[in-house]
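Before any comments, here is the structure.
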Amino acid sequence: MPKDHSKSGTYTAPPITGHLPLATQLRHIICGPETGFLMEAHNALSARIAENAGFKALWASSLTISASMGLRDANELTWTQSLDLISGMIDAVGIPILMDADSGYGDFNIFSRFVRKAGERGVAGVCIEDKLFPKINSFAKTEQHLASVNDFCAKIRAAKDNQIHPDFMLVARTEALVVGADLEETLVRAEAYYEAGADAILVHSKSNTAHEILAFADKWSNKAPIVVVPTTYADTPTDTLTNAGVSTLIWANHSLRAAIRSMEDITARIFKQQSLNGIDADVTSIEDVFSLTDMSELIAATKRYQGHS
Ligand code: SPV
Ligand code: MG
């Protein structure tokens, strides 16, 4: 479903000529006329699998990257650790990554330093949410608090002044609905974040229907694209969201959840049966592992450089 141009701000997509910088690719996906889809990845392998499936951009999720390291999504990973992990993802794929930068890891100063370093590492854009540091995952059943509009706008302004590529995407995410604030507060915040320089607004909801998102989209001034994360309102047809003006959808955690389910099933079976009988049929082949890590390239390079394999 194509985007309605009137709901996508004033962005004019550049003509695609050859290989565009990653930041430009991400801007094109979020701000351009077609609906954008970002797939979650939590390491280099899941990034490559998403790219192979056809995704044109990735979501580096704080929830799934933390979980893959056995940690809570509560700023237990430092930003330097997160960036190191995401660098491995960047090396593994040719598509842009929107990095989930939580609430910015501190004040405007820390966040703007992070934005410079993220840009240097090849991150195409970052998303920050208007919660306090340390933040906790939106679905955690605990009280959550919003940052002041002023402090959050300071981070947005400082980030835009410190981006190293002109197309670097700063997605400002409001958690107003998640913490139980009303639509009016959500709109005031989104407008302020746009005025501070945000390139897109992510409006998050933990409702099991899309009614909050649709109400927001109905009232939004359409100056900047709307990004959503339909984890809890997963049954909502994509067309319902895009017809309401949503620009980009993030499938935020499904690669890790698929992997966990599969690993739990297989390890439980092997533990119980104390043999590998019948297991091969339900796991990927070693050849697939070689293919995902490009083993054939190493074998060809070995022949080329050493003259033998
Ligand atoms: C994430 O994927 O880490 C997100 C989205 O921030 S959510 O888990 O819905 O908060
Ligand atoms: Mg997150």
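The values are calculated or read from the model by the stated rules, or taken from the named source; none is laboratory data. Computed from a prediction, not measured in an experiment: that's the story for all the values here. Every residue, glycine among them, receives a Cβ derived from its backbone with ideal geometry; neighbour counts consider all protein chains shown.
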Which condition from (1) touching a helix residue (DSSP H, G or I) at 6+ places or on another chain (Cβ under 8 Å); (2) within 26 Å of Ile49 (Cα to Cα); (3) of a type outside the set (Val, Ile, Thr) is the one that Gly104 breaks?
(2)
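Being hydroxyl-bearing (Ser, Thr, Tyr) and buried (at least 16 other Cβ atoms within 10 Å of the Cβ) is the filter; apply it to the range 104-144 and report the residue that is nearest to ligand 1 (Cβ to nearest atom).
From the range 104-144, those hydroxyl-bearing (Ser, Thr, Tyr) are 105, 112, 138, 142; that's our starting set.
Right, trim to buried (at least 16 other Cβ atoms within 10 Å of the Cβ) and you get 105, 112, 138.
Numbers: Tyr105: 14, Ser112: 21, Ser138: 4 Å.
Of everything passing the filter in the range 104-144, Ser138 is nearest to ligand 1 (Cβ to nearest atom).
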Can you tell me how many residues within the range 160-178 are more than 15 Å from Ile201 (Cα to Cα) and in contact with a strand residue (DSSP E or B) (Cβ under 8 Å, 6 or more places away or on another chain)?
1
Taking Phe290, is it surrounded by 12 or more Cβ atoms within 10 Å (Cβ to Cβ) and among the aromatic types (Phe, Trp, Tyr)?
yes
Where a residue in the range 50-73 is in contact (Cβ under 8 Å) with a residue 24 or more places away in the chain and under 27 Å from Thr35 (Cβ atoms) and its partner, wherever it lies, is away from ligand 2 (no atom under 13 Å from the Cβ) and among the acidic types (Asp, Glu), with Cβ under 9 Å and at least six apart:
Leu58/Glu51
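Yes/no matrix, rows are residues, columns are (1) assigned to a loop (DSSP other than H, G, I, E, B); (2) closer than 24 Å to Gly104 by Cβ:
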{"position": "Leu170", "(1), (2)": "no, yes"}
{"position": "Glu195", "(1), (2)": "no, yes"}
{"position": "Thr209", "(1), (2)": "yes, no"}
{"position": "Ser255", "(1), (2)": "no, no"}
Hits in the range 64-103 (condition: surrounded by 21 or more Cβ atoms within 10 Å (Cβ to Cβ) and within 12 Å of ligand 1 (Cβ to nearest atom))
Thr64, Ile65, Ser66, Asp73, Ser82, Leu98, Met99, Asp100, Ala101, Asp102, Ser103
With respect to Ala60, is the statement that it is within 16 Å of ligand 1 (Cβ to nearest atom), in the same structural domain as Gln144 (by TED's automatic domain parsing) and out of contact with any Gly (no Cβ under 9 Å at 6 or more places or on another chain) true?
yes
Tally of residues being in contact with a Lys or Arg (Cβ under 9 Å, 6 or more places away or on another chain), outside the structural domain of Val228 (by TED's automatic domain parsing) and surrounded by 14 or more Cβ atoms within 10 Å (Cβ to Cβ) across the range 241-281:
0
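Being away from ligand 2 (no atom under 16 Å from the Cβ), surrounded by fewer than 21 Cβ atoms within 10 Å (Cβ to Cβ), more than 17 Å from the chain's Cα centre (by Cα) and touching a residue at least 12 places away in the same chain (Cβ under 8 Å) narrows it down to one residue among Ser148, Ser221; which is it?
Details: Ser148 fails: touching a residue at least 12 places away in the same chain (Cβ under 8 Å).
On inspection, the qualifying residue turns out to be Ser221.
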